[in-house]
Structures are given as C-alpha cells and as structure tokens.
Amino acid sequence: MIREPNIELKKTQAGNALFLILIAVILFATLSFALTGSSRTGTGNADNESGQIYATQLNQYPALVRSQILRMRANKVEIEQLEFNPPSDFGSISNQKFSVFYPGSNAAYALSAPALMANAQQGRWFFNLNFEINNIGSNSPGNMQGNDLVAFLPGLKANICQRVNDLFNLSTIPSVNSGAYYTQSIDYMDHSYSLPASETVIGDTNLSELDAQPFGCFLETSNNVYIYYFTLIER
C-alpha cells in the first residue's frame with residue numbers, strides 16, 4: 001500500500017526553516033547596527049582602541065629581531081659584532097655572518113607604519129649599544145660592560161607612546177630634558193659603528209619610572225620627541 005506524503009509535516013518543516021532564516025536575518029541586522037553605532041560614538045574611543053592595537057603590535061617587530069639575534073648568538077656571533085645595515089648597505093658589511101637583516105635572515109629590515117608616527121611618515125628603527133636599562137642585567141656605571149642592545153623608534157605619536165606604557169600599567173609618559181637621549185637613540189649600529197666608552201642610562205634618576213622596564217616610551221623634551229625603546233639583549 002502506497003502512503004500519501006505527510007503534507008502537514010512538510011509544512012511544519014518549511015515553516016521552521018523560514019523561522020530560522022528570519023532569526024538569522026534579525027541577528028545579522030542587529031549586529032550590523034551595533035557595529036555601525038560603535039563607529040559613530042566619536043573619534044576619542046576609536047583613537048584609544050586603535051592606539052592600544054598599535055601599541056601591542058609595536059613590540060612585535062623588535063621581538064622578531066631579537067629572535068634572529070639569539071640565533072646568531074648561538075652561531076658564536078658576539079653582540080659587539082652585530083650589524084643592522086639596511087639592504088642598500090649590504091655591499092659594505094664586513095661579513096654577512098654579522099648582518100642581522102642579510103637575505104636569508106629570519107628578520108627583514110623594515111620601517112614603521114606611518115600611523116604610529118607624529119609626522120605621519122614611515123619611521124626608522126635604530127639599534128645600538130649606547131644605553132643601559134637600569135636594573136636589567138648588570139649595572140656597570142662608567143663603562144660599557146653593562147650596556148644593553150636596544151631598539152629605538154623615535155618620533156611616535158603621544159597617544160601611541162602612552163598606550164605603550166599602559167601595557168605595563170604606567171599611566172604617564174616619563175620625560176627627560178637632555179638631548180643626549182635623542183642623539184644617542186638615533187646612533188646606528190652598522191659596519192662603521194663605534195662602540196661607546198660608557199652609557200646613557202634609562203631608569204635611574206633620569207626616567208626613574210622605567211627602572212627595570214625592558215620596553216617603554218618617554219618624551220625627550222629638548223627635541224620634543226617621543227621615543228620608544230625595546231631591549232633586544234640585556235647584559
């Protein structure tokens with residue numbers, strides 16, 4: 001005996017499917033409205049959120065460079081031998097073994113995003129042994145034995161600088177009125193770099209809020225420049 005199709009069951013199933021589709025449309029519309037509304041709540045919140053994202057991303061590039069340096073150190077390259085030449089200088093390096101950014105390296109030479117910088121231009125990273133971060137590694141005043149290998153990005157926007165410090169719960173931007181902190185930060189460790197005889201200290205009586213802090217941001221007031229730093233190798 002051939003049974004007739006269950007018409008009522010099919011109607012019920014079709015009705016359920018339409019109901020689920022309707023619910024999905026409503027949820028999608030609600031989500032779209034919420035996202036649109038949040039984008040219209042003013043530039044202050046948007047700037048804060050983007051600043052937090054940029055601050056988090058800012059640490060990623062020097063961390064990648066640090067990982068490449070550790071690989072080189074495992075191959076018996078001394079910190080004082082490292083060279084951070086850009087690609088245009090590869091013909092001048094003393095030995096490709098010492099070149100952090102040489103082709104085949106796990107870290108590529110890069111500039112920062114314009115959105116990070118006060119002048120809205122790409123920013124240049126600087127790498128050197130001119131500084132000692134107080135209470136990271138050894139403190140050796142008056143000589144370079146305790147100098148740390150540090151990456152610097154001068155010229156940040158003020159709000160990005162503050163968001164960097166927010167990452168370790170520092171609610172201010174420390175400042176120092178000494179041009180040496182700027183001029184030393186933009187010294188570049190390449191094939192012609194001269195090792196310093198002593199150090200500029202971050203975190204002692206100058207910039208004491210950054211004591212023992214491996215990364216952070218400060219204002220150098222004589223040049224009115226916000227400077228980000230990241231400790232690549234502590235000594």
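Any read-out appearing in this document is the output of simple, stated calculations on the displayed coordinates, not a laboratory observation. Only a predicted model underlies this, so the values are computations on that prediction, with no experimental measurement involved. Note that we place each Cβ from the backbone using ideal geometry, even for glycine, and neighbour counts take in every protein chain shown.
Along the Cα-to-C-beta direction of Ala74, a point sits 7 Å from the Cα; which residues of the range 90-129 have their amide N less than 18 Å from that point?
Answer for this model: 97-102, 104-108.
Given points 7 Å out from each Cα along the Cα-Cβ axis, report the Ser222 to Gln145 separation in nanometres with one decimal.
For the pair Ser222/Gln145, the computed spacing is 2.9 nm.
At what distance in nm do the modelled label points of Thr172 and Ser88 sit from each other, each positioned 7 Å from its Cα along Cα→Cβ?
According to this spin-label approximation, the distance is 4.0 nm.
What's the center-to-center distance, using Cα atoms, between the range 162-219 and the range 69-143 in Å?
16
Amide H to amide H under 5 Å from Met117: which residues, 5+ apart in sequence or cross-chain, H placed 1.01 Å off N in plane?
Residues meeting the amide H criterion: Lys157.
Efficiency by 1/(1 + (r/R0)^6): what FRET value for Asn106 and Ser208, r their Cβ-Cβ distance, R0 = 41 Å, to the nearest 0.05? Could you put the intermediate results ahead of the total?
Numbers: r = 36 Å, r/R0 = 0.87.
Working from the Cβ atoms, E equals 0.70.
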